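First up is the structure itself, then whatever we jot down about it.
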Amino acid sequence: MERASFAGATRDELVRRPPGGPAERRAELAGLAAGCARAGADGRSLFLTEHAAVARRILVLLRLEGDRQVRVGVERVRRLGGGNVYRLEAGGPPPAGAPGRPVARRLVRTAAARRAFLRGLWLACGSLSRPAAEHHLEFRLRDAAQVELVRALLEREGLRPGLSLRRGLPVVYLKGAEAIVRLLGLIGASEALLRWEEAMVVRQVRGEVNRLVNAETANLNKAVEAGLRQAAAVRRLEEAGLLKWLPPLVRRLARLRLERPDLSLRELGASLRPPLDKSAVSRRMHRLERLAAQLGDPPGAGRGAAPAPPDPAADDTLQ
């Protein structure tokens with residue numbers, strides 16, 4: 001149900017707003033008419049909406065405009081998911097925005113009227129994704145004649161709307177959290193704006209935590225792989241009888257690595273007495289690996305006789 005959705009909660013908030021002054025009320029009603037009014041009988045306008053809260057808002061605004069003959073009906077939709085369609089047939093002349101009644105620019109001349117029109121339009125034909133999903137807000141319009149007005153009003157407010165077609169009908173949309181937050185503020189959905197920003201902060205923090213966890217996991221894998229590789233190099237030196245020729249400190253470092261391939265270079269160095277810093281351990285382990293590589297292939301590798309073992313004492317970097 002939409003009531004449980006973010007868009008539904010936003011609609012519920014907007015219809016609780018006080019209707020405002022006459023100019024603002026007429027602009028909001030024009031937006032509602034532009035979004036969901038159809039041509040009814042005898043030149044009247046027929047408003048159709050699936051949202052009970054929006055139907056109540058339309059009824060209030062029509063009554064405030066002096067229309068006391070509004071007829072209200074409800075139809076059950078026979079389709080997957082069901083639901084109701086609320087029908088409100090105006091008793092008086094069609095309001096601006098209804099079929100055959102284009103919205104005059106003077107109706108949306110002020111900032112308050114522009115924002116009231118956008119509020120009514122979004123209530124009638126708008127949708128909004130959840131903050132945790134793709135950042136997308138749109139107006140599903142009935143015909144191309146409304147497109148330029150809606151785009152102009154959004155651009156007047158500093159927004160950059162996009163345009164697409166869906167089932168042959170125009171859709172004016174906004175992408176990105178910043179644009180959506182701005183529009184929610186403009187149309188008066190302050191609670192929705194705060195919920196959106198809160199959700200975005202949570203999403204950002206979660207993303208940062210995931211990034212740090214992924215980075216830490218990558219570093220851990222890298223450290224373990226390096227430790228196993230270094231331990232294998234030390235084992236080759238030991239099998240070749242070269243470990244005993246290493247300086248005492250390096251020999252202790254090599255044997256510690258053989259015992260603890262899981263330790264990081266920093267932890268490895270801190271375990272020695274006297275301790276070595278990370279860079280000193282890294283240099284020595286790199287040289288041990290290079291020394292092991294000079295031994296050639298392990299026995300049985302099928303590449304002929306191994307070369308003469310290198311002399312550790314000749315490598316002054318192991319001191």
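Nothing in this text is a laboratory measurement; each read-out follows from the coordinates by a stated rule. Note that the structure is a prediction, hence the values are computed from the model and not measured. Glycine also receives a Cβ, built like all others from the backbone with ideal geometry; neighbour counts cover every protein chain displayed.
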Inset, instruction - Quick one, could you list the DSSP H helices from the chain stretching 15 Å or more along their long axis (Cα atoms) with average Kyte-Doolittle hydropathy of 0.5 or above? - result: 52-64, 111-125
Inset, instruction - Before rounding to the nearest 500, sum -39500 (n - 2.57) across all DSSP H runs of length at least 4 in the chain and divide by the residue total; then give [θ] at 222 nm in deg cm²/dmol. - result: -16500 deg cm²/dmol
Inset, instruction - Return the sequence-ordered ³J(HN,Hα) values of segment 140-145 in whole Hz as given by the Karplus equation 6.51 cos²θ - 1.76 cosθ + 1.60 applied to θ = phi - 60°, using x for Gly and Pro. - result: 8, 8, 8, 8, 5, 5
Inset, instruction - Mind sorting out which of (1) 106, 41, 31; (2) 86, 50, 42; (3) 47, 39, 37 is the real Cα extents along the principal axes in Å computed from the coordinates? - result: (1)
Legend entry - Rounded to whole Å, sorted largest first: equivalent-ellipsoid semi-axes of segment 5-60, Cα gyration tensor: 20, 15, 8
Legend entry - Partner aspartates and glutamates for residue 175 [C-alpha distance under 13 Å; skip if fewer than 8 residues away on the same chain]: 134, 138
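For 181, 77, what's the fewest-to-most ordering of other Cβ within 10 Å of each Cβ?
Ordered from fewest to most neighbouring Cβ atoms within 10 Å, 181, 77 come out as 77, 181.
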Legend entry - Burial order of peptide ranges 62-73, 95-106 (average beta-carbon count within 10 Å, highest first): 95-106, 62-73
Legend entry - Kirkwood Rh, angstrom, segment 89-134 [1 / mean 1/r, Cα pairs]: 12.7
Inset, instruction - Please work out whether segment 194-234 counts as rounded, prolate or oblate from its C-alpha gyration tensor, where a ≥ b ≥ c are the square roots of the eigenvalues and a/c under 1.5 means rounded, while otherwise a/b larger than b/c means prolate and anything else oblate? - result: prolate
Legend entry - Dipole-positive endmost among 20, 169, 95 within segment 2-188 (Cβ charges, Cα centre): 95
Legend entry - Within the chain: Cβ-based charge dipole about Cα centre, in debye rounded to nearest 20 (Lys, Arg +1; Asp, Glu -1): 860
Legend entry - Cα pair distances of segment 2-188 binned at 10 Å [whole percent]: 9, 39, 39, 12, 1
